[in-house]
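Below is one structure, written out as structure tokens, with a few remarks after it.
None of the figures in this text is laboratory data; all of them are computed from the coordinates on show. Predicted model only: the values in this text are computed from it and were never measured. All Cβ positions, glycine included, derive from the backbone under ideal geometry; neighbour counts span all protein chains shown.
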Amino acid sequence: MNNTTLPPFSVVIPARNEEATIGDVLRGVRDLTDDLIVVDGHSSDHTVEIAQQFHARVVADHGRGKGDAVRVGLSEAKLPITVFIDADGSHDPKDIPKLVGPIASGEAALVIGSRMLGGSEELFGSISEVIRLLGSLVISLSINYRFGPRLTDYQNGLRAIRTDVGRTIGLTSNISTIEQEMAIKCLQYGYGVTEVPTHEYRRQGGESKINVMSVAHVYVWNLMCGLMGPRKEITDSLHQINSLLTVDDLRHTP
Ligand SMILES: Nc1nc2c(ncn2[C@@H]2O[C@H](COP(=O)(O)OP(=O)(O)OP(=O)(O)O)[C@@H](O)[C@H]2O)c(=O)[nH]1
Ligand SMILES: [Mg+2]
């Protein structure tokens with residue numbers, strides 16, 4: 001059941017072969033939401049069965065990657081705010097109310113958890129982690145320079161977004177570049193983007209789905225396109241969709 005002091009929010013867990021950890025994540029989030037969705041990446045282990053045991057709604061992605069799963073999650077969400085949390089145990093469900101608060105108050109349309117503010121076990125453990133940290137810092141600095149905010153962690157998968165905004169900003173990424181794309185497109189459209197301190201743990205089991213070196217060029221290309229792209233206007237058709245779910249709705253939805 002949802003926390004009564006917050007507006008209702010859907011929780012989306014993208015998961016591919018996360019049988020070792022998804023049960024603990026589901027246990028942590030199930031009492032926070034009335035709309036619990038696991039977007040399954042065609043897992044070959046027991047991820048789906050475990051999700052069903054926790055009465056999560058399980059939907060399949062199109063087999064293209066985490067970005068695809070995030071977009072499927074947004075299209076499936078039934079509530080005005082959608083929270084994303086990874087299935088590998090690296091995020092703390094107790095941070096979720098912090099993410100939802102600034103959307104409920106109208107301060108932001110997208111709220112990202114910041115490992116730079118809240119700490120991370122992953123910052124300096126291995127060469128790969130240092131490369132990812134440096135890449136993440138470059139991405140953050142570039143987006144801040146182009147659009148003006150002073151945020152520290154545009155890459156974090158732990159985040160909350162107004163569902164209507166997530167559906168209408170034109171997300172296209174199929175892989176984990178979805179996180180930077182979501183932030184850049186919100187900023188291009190003039191939506192508020194902010195962050196709150198959240199702690200990140202090293203994944204608690206299973207295997208990483210990301211190979212930094214093989215996707216680095218996609219990150220660079222997407223970042224360049226996003227930074228060079230113009231600021232955008234909300235078109236009439238977007239207005240029509242957005243008018244179905246406004247921030248006022250968020251505040252007044254029982
Ligand atoms: N549905 C779906 N989920 C995915 C896919 N790829 C990754 N995920 C999930 O997205 C989340 C983040 O993936 P991770 O492999 O943890 O990526 P990361 O957090 O950048 O890397 P590490 O935690 O260091 O392993 C996890 O819950 C994955 O199971 C996919 O293709 N489809
Ligand atoms: Mg992870």
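Packing-based ranking of 151-160, 99-108, 181-190 yields 151-160, 181-190, 99-108, ordered from highest to lowest mean Cβ neighbour count within 10 Å. Each peptide among 202-212, 65-75 gets the average number of other Cβ atoms lying within 10 Å of its residues, and from highest to lowest they stand as 65-75, 202-212. Estimated purely from DSSP H runs of n ≥ 4, each contributing -39500 (n - 2.57), the mean residue ellipticity at 222 nm for the chain is -12500 deg cm²/dmol once divided by its residues.
In the structure shown, the pairs K209/K232; K66/K98; K94/K232 are assessed against 27 Å; a Cα-Cα span above that value is assigned to K209/K232; K94/K232. When the Cα positions of I81, I37, V218 are compared along the charge dipole of the chain, V218 comes out farthest toward the positive end, with charges on each C-beta of Lys, Arg, Asp and Glu. Per-residue 3J(HN,Hα) values for region 11-27, derived from phi via the Karplus relation 6.51 cos²θ - 1.76 cosθ + 1.60 with θ = phi - 60°, read 10, 10, 10, x, 8, 10, 6, 10, 4, 6, 10, 5, x, 5, 5, 4, 4 Hz in sequence order (x marks Gly and Pro). With the highest mean first, a sort of the peptides 109-119, 164-174, 125-135 on other beta-carbon atoms found within 10 angstrom per residue produces 109-119, 164-174, 125-135. The Cα atoms of region 9-236 cover 45, 44, 31 Å along the three principal axes, with the biggest extent listed first. Amide H contacts under 5 Å for H199: D92, restricted to partners 5 or more places along the chain or on a different chain, H placed in the peptide plane at 1.01 Å from N.
Secondary structure note: in region 9-236, about 30% of the DSSP beta bridges are antiparallel.
Based on C-alpha pairs under 8 angstrom that are at least 6 apart in sequence, the chain has a relative contact order of 24 percent.
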